[in-house]
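Q: Here it is, the structure in full.
The values are calculated or read from the model by the stated rules, or taken from the named source; none is laboratory data. Note that this is a predicted model, so its numbers are computed, not measured. No Cβ is skipped: glycine too gets one built from the backbone with ideal geometry, and neighbour counts run over all protein chains shown. Only protein heavy atoms, including side chains, enter the accessible area calculation; ligands, DNA and RNA are left aside. Shrake-Rupley method; radii C 1.70, N 1.55, O 1.52, S 1.80 Å.
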Amino acid sequence: MKRVVVGLSGGVDSSVAAYLLQQQGYEVIGLFMKNWHDDSVTISNDCPWLEDSNDALLVAEKLGIPFQTVDLSEEYKEKIVDYMFNEYEKGRTPNPDVLCNREIKFDVFMKIALSLGADYVATGHYCKKSEIEVNGETVYQLLAGADNNKDQSYFLCQLSQEQLSKSLFPIGELTKPEVREIAAEMELVTAEKKDSQGLCFIGKVRLPEFLQQKLQPKEGSIIQIDKDDAVYAKKEQEGLSPEEELALASNKIVYTPDMGKVVGKHQGAHYFTIGQRKGLNVGGNKDPLFIIATNVETNTIYTGLSSQHPGLFRKGLFIEKSEVHWVRTDMTLENGEEMEVMARIRYRQPLQAATLHQFENGMYVSFREPQSAITEGQFVAWYIEDELVGSGVIS
């Protein structure tokens, strides 16, 4: 009997994952990760870890499997929370869920599981894994989950072959309603439990309040840029190399205050992200204002009216060489090579036709259609059919 440690989070997905593994004849151990102590920044009772660990315990008891709690709050603070603060301080928008999977669930947690003699670690992610042979070597594939509505492969876009080799995703073939049905049949306490929202393990946080622990509020201007501003006029440039053309399509516009009018004040540019429309508190327009750029050096936010404002759209993005990650290492591009893929720049975004262009200093991703709110610090993930083959941090 192979031994599997399931990360029981206290939610319905991991509960059903544990039950299914048990049905398949694995020896199952439930482990709850406690990653956060500070309730002062979470929105009341929304995801208190106590309730979650209690539900995880009840599920383990119901299934008759051993259960314990591991406290990873120190590692979580160092690898996730400190990283978040640093990124926001630089004016970038990190994705803690992707990092949490790479650094905590499939690294620190996996090492603990393996030390307990586990052959595999399992989670309640909606994705699938399969294996193929390439040049006589076993290669692991990360595939989209069967439930199009819930596919979570994007959140695992930074996993390595080694991490995948020891991972199981028991609910990848199921839809969310099917998972709830199984939980109800088994009378698991989590059957009707709402999906957790917000930061991986912390729950819903008020981001500005969360960030204010480290990043002090500082008043700055909100500037509105007109959609017909000269900066959006397309200037044809002759004699550019392919790399220069890609750089031109990927570079963000540098705005200055004299390009627009001041329409309000904010409490810190680092609390805001591109594409955001809530929290600006600027009235008087029939169309909503969207953030098209932030500058943490000058503490300025630039906005545009409506979701179709040209300042929101770009056709390309760049990933620095050290941030390019291949789940399928056998498909890595060499300098000068290209690859046609489908890509997404955020969770739940429909896949977009794109081309990867690998150069000496990094990779450009050029999209067939302009993309809205390409955001530094977020992850772009690329797929071939339903297989996620690589990803990178948008620079």
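Q: Quickly run through the range 359-395 and pick out the residues that are in a strand (DSSP E or B), within 27 Å of residue 83 (Cα to Cα) and of a type in the set (S, T, N, Q).
A: 371, 372, 391, listed by residue number.
Q: For the range 296-324, give me the residue count where each residue is assigned to a strand (DSSP E or B) and under 12 Å from residue 224 (Cβ atoms). Even if it seems obvious, please write down each step before you answer.
A: Step one: list which residues in the range 296-324 are assigned to a strand (DSSP E or B), which gives 300-305, 313-320, 324.
Of the ones still in play, those that are also under 12 Å from residue 224 (Cβ atoms) are 300-305.
Summing the residues that are assigned to a strand (DSSP E or B) and under 12 Å from residue 224 (Cβ atoms) in the range 296-324 gives 6.
Q: Give me the residue from the range 270-288 that is at pLDDT below 95 and among the aliphatic types (A, V, I, L, M) and, out of that set, farthest from residue 374 (Cα to Cα).
A: Restricting to residues being at pLDDT below 95 and among the aliphatic types (A, V, I, L, M), the top hit is 282.
Q: Do you know which residues across the range 82-109 are more than 23 Å from residue 274 (Cβ to Cβ), in contact with a helix residue (DSSP H, G or I) (Cβ under 7 Å, 6 or more places away or on another chain) and of a type in the set (A, V, I, L, M, F, W, C)?
A: Selection gives 104, 106, 108.
Q: Taking residue 162 as the residue in question, decide whether it is over 22 Å from residue 379 (Cβ atoms), more than 19 Å from the chain's Cα centre (by Cα) and without any contact (Cβ under 8 Å) to a residue 12 or more places away in the chain. Break it down into steps so the answer makes sense when it comes.
A: Values: over 22 Å from residue 379 (Cβ atoms): no; more than 19 Å from the chain's Cα centre (by Cα): yes; without any contact (Cβ under 8 Å) to a residue 12 or more places away in the chain: yes.
In short, no.
Q: Does any residue in the range 119-143 that is over 23 Å from residue 9 (Cβ atoms) come within less than 6 Å, Cβ to Cβ, of a residue that is surrounded by 18 or more Cβ atoms within 10 Å (Cβ to Cβ) and among the hydrophobic types (A, V, I, L, M, F, W, C) six or more places away or on a different chain, and which pairs are these?
A: Listed by first residue and then by second, the contacts come to 132/139; 140/164.
Q: Additional query: Restricting the search to the range 1-10, which residues are open to solvent by less than 20 Å² (accessible area, probe 1.4 Å) and within 24 Å of the chain's Cα centre (by Cα)?
A: Across the range 1-10, the qualifying residues are 5, 6, 7, 8, 10.
Q: Where residues in the range 52-92 are among the β-branched types (Val, Ile, Thr), surrounded by fewer than 21 Cβ atoms within 10 Å (Cβ to Cβ) and touching a residue at least 40 places away in the same chain (Cβ under 8 Å), which of them is farthest from residue 13 (Cα to Cα)?
A: Within the range 52-92, the match that is farthest from residue 13 (Cα to Cα) is 70.
Q: Let me ask something additional. Which ones in the range 281-295 are over 10 Å from residue 224 (Cβ atoms) and not basic (Lys, Arg)?
A: Correct list: 281, 283, 284, 287, 288, 290, 291, 293, 294, 295.
Q: Go through the range 104-117 and report how many residues are in a helix (DSSP H, G or I) and either touching a residue at least 60 places away in the same chain (Cβ under 8 Å) or open to solvent by less than 40 Å² (accessible area, probe 1.4 Å) (or both).
A: Here is the first cut: in the range 104-117, the residues in a helix (DSSP H, G or I) are 104-115.
Pick out the ones that are also either touching a residue at least 60 places away in the same chain (Cβ under 8 Å) or open to solvent by less than 40 Å² (accessible area, probe 1.4 Å) (or both) and you get 104-110, 112-113.
Number satisfying all stated conditions: 9.
Q: Within the range 177-211, how many residues are closer than 15 Å to residue 9 by Cβ, modelled with pLDDT of 85 or more and open to solvent by less than 50 Å² (accessible area, probe 1.4 Å)?
A: Count: 6.
Q: Select from the range 243-278 the residues that are open to solvent by 50 Å² or more (accessible area, probe 1.4 Å) and either part of a loop (DSSP other than H, G, I, E, B) or among the polar types (S, T, N, Q) (or both) and write down the one among them that is nearest to residue 303 (Cα to Cα).
A: Step by step, filter the range 243-278, then rank; the result is 277.
Q: Here is a follow-up. Criterion first (assigned to a strand (DSSP E or B), modelled with pLDDT of 95 or more and either open to solvent by 20 Å² or more (accessible area, probe 1.4 Å) or farther than 18 Å from residue 276 by Cα (or both)) does residue 293 satisfy it? Steps first, answer last, please.
A: Numbers: assigned to a strand (DSSP E or B): yes; modelled with pLDDT of 95 or more: yes; either open to solvent by 20 Å² or more (accessible area, probe 1.4 Å) or farther than 18 Å from residue 276 by Cα (or both): no.
Considered against the rule, which asks whether it is assigned to a strand (DSSP E or B), modelled with pLDDT of 95 or more and either open to solvent by 20 Å² or more (accessible area, probe 1.4 Å) or farther than 18 Å from residue 276 by Cα (or both), residue 293 comes out as no.
Q: Of the residues that sit in the range 118-132 and are out of contact with any helix residue (DSSP H, G or I) (no Cβ under 7 Å at 6 or more places or on another chain) and in a loop (DSSP other than H, G, I, E, B), which one is surrounded by the fewest Cβ atoms within 10 Å (Cβ to Cβ)?
A: 119
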